[in-house]
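Enquirer: Following this message is one structure expressed as structure tokens.
The values are calculated or read from the model by the stated rules, or taken from the named source; none is laboratory data. It should be emphasised that the depicted structure is a prediction, and the values quoted were computed from it without experimental measurement. Every residue, glycine among them, receives a Cβ derived from its backbone with ideal geometry; neighbour counts consider all protein chains shown.
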Amino acid sequence: MSTMGARITRVIANFNVENRAHREISKLKPRAAPRHQTSASFPQHNTADNINQRNDPLLSMLKDVYVESENPASQVAMLKKTEQETERRLLKFSLPGDPYGICNIADVPKGKLSLVEALTVLNNHKRMPKTWTTEKMAKEYALDPRDVKALTDFFIPFDVKIFPAKSVENKQINDS
């Protein structure tokens, strides 16, 4: 039945195709939009002549300009010195060995935490919030109290829960 429907639609679609094509071809074509004016309407200047000509007003303005330069290398050296002079503190906690591709770090800048310390701080605060207050953590790790408050409010360590098996009689799949 579907082939019958396809034949009918093909006949209707091809009906009077030639006349419809001639009618479309004989229609007047719409006029193209006018083109944008090109640079031909603008006066042509020879740029080589303009470059080589002396322009007295520009020269007088250039004489008024005074440029003072400093060596940026000295600024870079000063930045390196300030980076080296930042106070550092020893790590409170670290993982044994070199896990996760993290190199052995002995100290961190004050106001910063290592990944292991951050997890330890969050876990301590979660388990004993009355003992590990934000003020105590800020004092212990030389952190800004606002940063510690934001850390405890917005970062929550994973909660691992292990459910015991209901019974030993659980069904097991037999390898057959």
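Enquirer: Among the candidates Ala13, Ala21, Ala32, single out the residue that is more than 44 Å from the chain's Cα centre (by Cα), at pLDDT 80 or above and surrounded by 10 or more Cβ atoms within 10 Å (Cβ to Cβ).
Expert: Ala21
Enquirer: Among what's in the stretch 81-106 and is within 15 Å of Glu140 (Cβ to Cβ) and surrounded by 11 or more Cβ atoms within 10 Å (Cβ to Cβ), pick the residue that is modelled with the lowest pLDDT.
Expert: Looking at the filtered set, the residue picked out is Phe93.
Enquirer: When the residues of the stretch 113-171 are narrowed to those that are polar (S, T, N, Q) and either loosely packed, with under 14 Cβ neighbours inside 10 Å or not in a loop (DSSP other than H, G, I, E, B) (or both), which ends up modelled with the lowest pLDDT?
Expert: Only one residue fits best here, namely Asn170.
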